[in-house]
Amino acid sequence: MKTKTLYTCEVCHTDYANKVDALECEHSHSKIDLVKDFRYIPKAKYPNKIEIKFADGTTHWYRVTQ
């Protein structure tokens, strides 16, 4: 039996055969700084849109699709 070692990006959970690739993947993801804004539709339990501010200063809106 062979033993395999995998390295996992802690952000997107992708497995890599070597540590360097996993670290590069982790550093490639933008870090979330805060939820800047959000929108609800009437009587909804959860928001259907959120605006995220990232550590690099950019903001993006995300919308729930069903």
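Only the coordinates and a few stated rules stand behind these numbers; no lab work does. Keep in mind the model is a prediction, meaning the values are calculated, not measured. Heads up, the Cβs are rebuilt from the backbone with ideal geometry, glycines too, and the neighbour counts pull from every protein chain shown.
Results, tabulated for the structure shown:
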{"quantity": "For Leu23, Leu34, order by how many other beta-carbon atoms lie within 10 Å, fewest first", "calculated": "Leu34, Leu23"}
{"quantity": "Cross-link partners of Lys49 among aspartates and glutamates (Cα-Cα below 13 Å; sequence separation of 8 or more within a chain)", "calculated": "Asp37"}
{"quantity": "Candidate lysines - alpha carbon under 28 Å from Lys45, same-chain residues fewer than 8 apart omitted", "calculated": "Lys31, Lys36, Lys53"}
{"quantity": "Charge tally in the Cβ shell below 14 Å around Asn48, where Lys, Arg are +1 and Asp, Glu are -1, Asn48 excluded", "calculated": "+3"}
{"quantity": "Dipole-positive endmost among Ala55, Leu34, Val11 within the chain (Cβ charges, Cα centre)", "calculated": "Leu34"}
{"quantity": "For Trp61, net neighbour charge (Lys/Arg +1, Asp/Glu -1) across residues whose Cβ lies under 13 Å away", "calculated": "+3"}
{"quantity": "Sites matching trypsin sites (Lys or Arg not before Pro) across the range 11-66 that sit in DSSP coil, with at most 14 neighbouring C-beta atoms within 10 Å", "calculated": "Lys31, Lys43, Lys45"}
{"quantity": "Sequence-distant residues sharing a close amide H with Thr14 (under 5 Å, placed H)", "calculated": "Cys9"}
{"quantity": "Segment Tyr40-Lys53, extension gain: residue separation times 0.36 nm, minus the distance between their alpha carbons", "calculated": "2.8 nm"}
{"quantity": "Formal net charge of residues neighbouring Lys36 (Cβ-Cβ distance under 12 Å; K, R +1; D, E -1)", "calculated": "0"}
{"quantity": "In degrees, nearest ten, helix 19-28 long axis to first principal axis of the chain (Cα)", "calculated": "20"}
{"quantity": "Reach of Lys4 by Cα under 14 Å, taken over aspartates and glutamates that are not fewer than 8 positions away in the same chain", "calculated": "Asp15"}
